[in-house]
Structure formats: structure tokens, C-alpha cells
1. With every protein chain kept in place and ligands, DNA and RNA left out, what is the accessible area per residue of segment 5-108? Probe 1.4 Å, answer in Å².
2. Can you tell me the convex hull volume per residue for segment 40-119, based on C-alpha atoms, in Å³ to the nearest whole number?
3. Residues in segment 121-155 near a label at V67, defined as backbone nitrogen under 12 Å from the 7 Å Cα→Cβ point?
4. How compact and how long is segment 12-170, expressed as Rg and Dmax of its alpha-carbon atoms in Å?
5. What FRET efficiency, computed as 1/(1 + (r/R0)^6) with R0 = 30 Å and r the Cβ-Cβ distance, is obtained for L112 and E17, rounded to the nearest 0.05?
6. Provide the gained length on full extension for the span T10 to R122, in nm with one decimal, where the gain is 0.36 nm per separating residue minus the Cα-Cα distance.
7. Counting only protein heavy atoms and using a 1.4 Å probe, what share of the accessible area of segment 12-170 belongs to carbon plus sulfur, as a whole percent?
8. Aspartates and glutamates within cross-link reach of K26: Cα-Cα under 12 Å, excluding same-chain residues under 8 positions apart?
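The values are calculated or read from the model by the stated rules, or taken from the named source; none is laboratory data. The structure displayed is predicted, hence computed values, not measured ones. FYI the Cβ positions are ideal-geometry reconstructions off the backbone, even for glycines, and counts take in every protein chain you see. For the accessible areas, the whole protein counts, side chains as well, though only heavy atoms, and no ligand, DNA or RNA atoms are used. Shrake-Rupley method; radii C 1.70, N 1.55, O 1.52, S 1.80 Å.
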Amino acid sequence: MKHVYLCRSTSYSCGFELNSEVCAFKQSANDQFDWSRNSGDTSTLYTGPSAAAEGTYYIYTEVNSKVPLDKAILTTEATNLQACPYCLSFKYHMRGSNIRTLEVFAGDKTSLPFLTSIWEKRGQQTTDPAKWDTGTIDIPQYSNLVVTIVGSCGFGPRGDIAIDDILLKTGACNAGE
Ligand SMILES: [Ca+2]
Ligand SMILES: [Ca+2]
């Protein structure tokens, strides 16, 4: 079945190449720490990527000296998104014996802080520092959409979760031409 939505075709990308980059996803204050911007490897052995997925920079959860289950949240709360279905895609890197979870939530701003979990990866997803995975997620339509990307700390230092190359665009992920 073919759906036609009254949505302006819009996309938001975040590659983290510039510190001043305008990104629809911003650091939340309603969490325990912020995502760190980085290039190359992270400061801990046996966790994190060796390089960005796109360009030179990426962001990651530096889990050293954090408390287990502490969260770093990226949120679109400050961005006015159209009431449309969206496709969210991004690169993620989850390497290390203490990797916990990377999770995506969506919902209406009026229901904050209680959003619906729409995607989750738990535990190590790769042992290769150079191999990033791709997440592709259909986001249902909400009148005041907010999307969050949440990285959680595991029980130890080898739990750095990295993301890069975020693209949030109107329409379904499998929309053909
Ligand atoms: Ca990048
Ligand atoms: Ca934060």
C-alpha cells in the first residue's frame, strides 16, 4: 500500500566534523553526562573505534570514571520537527567486554520524559575497531516528535559506544523513487 504524506521533504544530518556544527540532535541536560567529540581511538584499550565512520570526527560515551548505567542522551527536543514519519539512520560502534546499551526512543514532546523505545542494541556488536554498523529505524508520526539516542555505561571501562553520520529524514526508510 502506498501512503502519501503531506510533508515537506526535509533532512537533518550530523557528522560532528565541526564543533560549531548545527545538529538537530543536541546534548541533553536530563542525564548523567554528555557525549564526547573525538577523532582516532578512545583513550581506553579494547573499546571504541579506531577512526570515524564518516570524515574525521565522531561522538562517543567515555565510560571511564562513570557509574554503571549512567546515561548520555542526544535529543531533538529543541528542534521543531514536522508531524511526519521519519527515517533515522546512523553509524554505531560497540566494541568491548563492558558495552551496555545503545537505544533510540521516540514520542510526543508532551509525554516527556516517557518516550517509546523503538530500537536497541545491547552488548558488544563488533570486535573490529574499524568496523562500524548501520542502524536504520522507521519513526512513526507524532504531532510534536522528539527523538533521543541514549548510550548507557556498563560495569567496567571497556564500554565506549560511538556514533557518527546521523541522518534524520522525512518518509519511510524503504521509500523508493
Ligand atoms: Ca563524522
Ligand atoms: Ca548530557
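1. 47
2. Considering the Cα atoms of segment 40-119, their hull volume per residue is 132 Å³.
3. Label zone hits: none.
4. Calculated on Cα positions, Rg and Dmax stand at 14.7, 44 Å.
5. 0.55
6. Once the chain is fully extended between T10 and R122, it gains 37.3 nm.
7. Looking at segment 12-170 in its full context, I get 48 percent from C and S.
8. The qualifying aspartates and glutamates are D34, E77.
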